[in-house]
Structures are given as structure tokens and as C-alpha cells.
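Peer 1: Dropping the structure in here first, questions after.
Read the figures in this text as sums done on the coordinates, not as results from a lab. If you're wondering where the values come from, they're calculated on a predicted model, not measured in any experiment. A quick note on method: Cβ atoms are made from the backbone with ideal geometry, for glycine too, and the neighbour counts reach across all protein chains shown.
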Amino acid sequence: MTRTLPFAAHVLARLDELERAGLMRRPRVLESAAGPRIRLGGRDVLSFCSNDYLGLASHPELAQALADAALSWGVGSGASRHVSGSLPPHVAAQKELARLVEAADALLFGSGYAANVGAIQALAGPEDVVFSDALNHASLIDGCRLSRARVIVHPHGDPTALETLLRAHRSEGRAALIVTDSVFSMDGDLAPLRALRSLADRYDAGLLVDEAHALGVLGPAGGGLCREQSVVPDVLVGTLGKSFGLAGAFVAGAETLVRLIENRARSYVFSTAPPPAIAAALPRALALATDARRATVLGHARRIRAELPRRSRLRPLPGPAPIVPVVIGEPELTMRASAALLQRGVFVHGIRPPTVPAGTSRLRIVPTAAHTHEDVDRLLDALASLPELA
Ligand SMILES: *Cc1c(COP(=O)(O)O)cnc(C)c1O
């Protein structure tokens with residue numbers, strides 16, 4: 001018989017487990033707006049730990065567009081769009097986003113998490129099978145679970161292994177869906193999208209690509225990795241809270257696909273629509289997402305990857321994205337390195353399990369287009385001066 005545990009004791013025991021594993025998270029409270037230069041603990045600090053790749057999150061023109069839109073359209077949308085209807089900014093933003101990713105239609109969600117969970121649950125059920133990369137984002141994993149489909153996890157970035165699994169398990173599902181990040185959020189590497197597209201075609205599967213970390217940064221006009229590689233996914237998920245400095249997300253694809261998701265995705269149907277002002281500010285975010293900003297952030301990332309091995313023992317993982325991970329290993333050492341950087345006025349987030357696999361805790365360095373050349377100098381100086389790691 002299982003021993004019963006009073007609820008409060010259960011909560012304390014779970015917290016204690018986290019503490020002892022070095023996995024307790026206690027997010028810091030900033031004393032300023034988010035941005036490349038923040039105020040933290042009474043000090044001015046450089047921040048290299050957002051996903052605000054283009055530096056738009058605190059851009060005054062975007063803030064102004066949002067404020068103007070709030071005065072025109074109000075703040076809250078009031079209910080799910082199935083209840084109180086769509087507002088013109090929602091519809092216009094969907095058109096713009098569909099154009100950006102060259103899809104027929106798109107549907108706004110309150111967050112990328114909600115978009116992924118809702119899209120997968122809408123598209124796959126207990127009769128179906130989903131093939132998922134081992135390093136997919138938590139929201140894709142949770143969508144797979146919520147769908148109650150058979151889920152086959154394949155080794156990261158390995159289309160050969162995926163093909164073996166498709167051959168073995170495709171017939172176990174009525175419909176099949178292959179699900180992947182395009183730029184992986186913690187490693188910054190790229191999915192083999194062309195190989196995935198060709199496997200999807202050969203095995204009668206749909207392809208869902210989450211472009212959260214590519215949109216705005218990679219591809220022609222920041223249209224993402226699918227566009228860069230001329231791959232047409234069946235389902236494309238993009239977020240507005242990263243490169244575009246706003247909040248929310250969208251799912252894009254054929255009109256039929258979007259109609260199905262609009263009707264079946266529970267995180268859409270049973271959730272209040274995103275604020276119309278966010279949707280109305282999107283055109284300004286897209287206008288500010290220029291090639292010049294993309295070039296700046298990609299240049300910073302290239303420079304950090306090139307200089308760090310020259311100036312220290314640190315070896316960033318390779319990749320074209322502005323996510324520069326430096327794997328340390330154990331969570332304690334990673335968090336000590338992050339604390340030592342903060343002492344030097346540089347905020348770099350330490351990433352631990354369950355966000356990354358055990359033994360691969362890392363510093364995740366993310367420059368933005370709002371950082372200067374000198375900001376990157378200071379980051380490199382701080383990293384090269386860490387006694388534990390240098
Ligand atoms: C951040 C992220 C999401 C979630 O998007 P939110 O809008 O922050 O909820 C989904 N997928 C990936 C790959 C992400 O990195």
C-alpha cells in the first residue's frame with residue numbers, strides 16, 4: 001500500500017528534491033525594462049539572455065505603435081474569438097503573417113506554447129502517430145502528449161534514424177505527423193528540413209515546423225528557415241514574442257488546415273484572444289525587422305563564436321543562429337559561472353535540466369541587434385576572465 005502524504009508535506013518534499021539536485025529556479029527581478037542594458041541588484045548590467053534577437057522588445061517606435069493601438073482598439077479582447085468575434089487587427093495580422101511565411105492563411109494564438117499544444121492536439125489523435133525530434137521544445141512535447149497519439153521520438157537531427165522508425169511504425173497510425181523545431185532553442189542548430197520534407201512525402205506524413213527561433217532572423221526578409229531552404233511545411237508555427245518583440249504566436253498553412261485548427265485546437269477555442277493592440281502593432285514590428293538589424297545580430301553571434309575559443313577554453317556550439325550555447329556540464333558549475341559573470345556586470349543565463357539533458361547544463365549567450373560592438377567586447381572580456389572556466 002502506498003503511504004499517504006499530507007499535501008503540504010508533498011509540496012515541501014518536491015521543493016527539497018529540486019534544491020538538492022541544484023535545479024531550483026528563482027528568477028531575478030529587474031529594476032528596469034528588459035533590453036540589452038538592464039538594472040539588476042542596483043547595478044547597470046549587460047543582458048545576453050533574452051530571445052529579443054532584433055532588439056525590438058523595448059524599441060520606442062514599437063511601444064508607441066502598441067500604445068496608439070490600445071487607444072483605438074482597447075486592451076482586452078474580452079473572450080475567445082468563437083465567442084465574441086474576431087477584431088479587424090486580428091484578421092489583418094493573420095494576413096501579414098501568412099504573407100511573411102508564404103502560406104495561404106494563419107491563425108493567432110496567445111503564445112507559442114498554446115499554438116504548439118493546440119496545433120498538435122488538433123491534428124493528431126489516439127489513432128494517429130507523431131514522430132518527434134528528441135530535442136524538440138517542451139511545448140511540442142506537451143502537444144504530442146495531449147494529442148494522445150502514439151509518439152515516436154527519434155535521435156536529434158538524424159533523418160536516417162527517423163526513416164528507420166517511419167518504416168517500422170508509420171503503419172501503426174492512420175495519419176502521421178513529423179514535428180520539429182527549425183532552429184533548436186537550446187543548441188542553436190538547424191533541423192534537416194529538406195530531408196524531413198522528403199520523408200514526410202514518402203511516408204504520407206504531415207510536417208510541422210516550429211520557427212520560433214528562425215523567424216525574423218533567418219531566411220529572406222526574416223521569413224524563417226523553411227523559406228531559406230525552400231521547404232513548404234504543412235504546418236508552420238511562429239512566435240511574435242521573440243524576434244518581433246511583441247507577444248503571442250500563430251499557426252500557418254493551407255486554408256483547410258487553418259480551419260481545422262480554428263475549430264479543434266482547445267488552446268485556441270477555450271482561450272481569450274490575444275489583445276487586439278498586439279495584433280495592430282505587428283506591422284510596425286515587421287517594418288522594424290530590417291535586414292540591417294538581422295545583419296547586426298548575426299554578426300555579433302559570429303564574432304562571439306570566433307573570439308571565445310581564441311580568448312578562453314570555452315567552445316561554443318557551432319551554428320548560424322544568434323543562440324550561442326557554451327556547454328559546461330553540471331548545473332552547479334554552470335550556475336556559478338553565471339553568477340561570476342553577473343559579478344562582472346554581464347547577465348548570461350545558465351540553462352539546466354529539465355530544459356536540457358542531464359550533464360549538458362550550459363551558458364546560453366544570446367546577443368541582440370540592440371547590443372553594440374563594445375557590449376560584445378565586455379561580454380568576451382567577462383567570459384575570458386572566469387577563473388573556473390578560462
Ligand atoms: C519560446 C518557444 C515557444 C513558446 O513560445 P511562447 O510564445 O514563448 O509561448 C515554442 N517553441 C519554441 C521552439 C520556443 O523556443
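Peer 1: Fully extended, how many nm does the chain gain between LEU12 and ALA384 (0.36 nm per residue separation, minus their Cα-Cα distance)?
Peer 2: Extra length from LEU12 to ALA384 when fully extended: 130.0 nm.
Peer 1: Extension gain ALA138-VAL153, at 0.36 nm per residue separation less the Cα-Cα distance, in nm?
Peer 2: Full extension from ALA138 to VAL153 adds 4.1 nm.
Peer 1: Around GLY223, which amide H atoms from residues at least 5 apart in sequence, or from another chain, sit under 5 Å from its own amide H, with H modelled in the peptide plane?
Peer 2: Distant-sequence amide H within range of GLY223: GLY216.
Peer 1: I'd like the FRET efficiency for ARG167 and ALA358, computed as 1/(1 + (r/R0)^6) with the beta carbon distance as r and R0 of 30 Å, rounded to 0.05.
Peer 2: 0.45
Peer 1: Any idea how far apart THR2 and THR160 come out in nm if each label point goes 7 Å out from Cα toward Cβ?
Peer 2: Going from the THR2 label point to the THR160 one covers 4.3 nm.
Peer 1: Between the range 202-245 and the range 73-125, what's the alpha-carbon centroid distance in Å?
Peer 2: Using only Cα atoms to place each centre, the spacing works out to 16 Å.
Peer 1: What net charge do the residues around LEU18 carry, taking every other residue with its C-beta under 11 Å from that of LEU18, with Lys and Arg at +1 and Asp and Glu at -1?
Peer 2: Within the 11 Å Cβ shell, the charges total +2.
Peer 1: Moving on. Dividing the alpha-carbon Rg of the range 317-373 by 2.2 N^0.38 Å yields what?
Peer 2: 1.15
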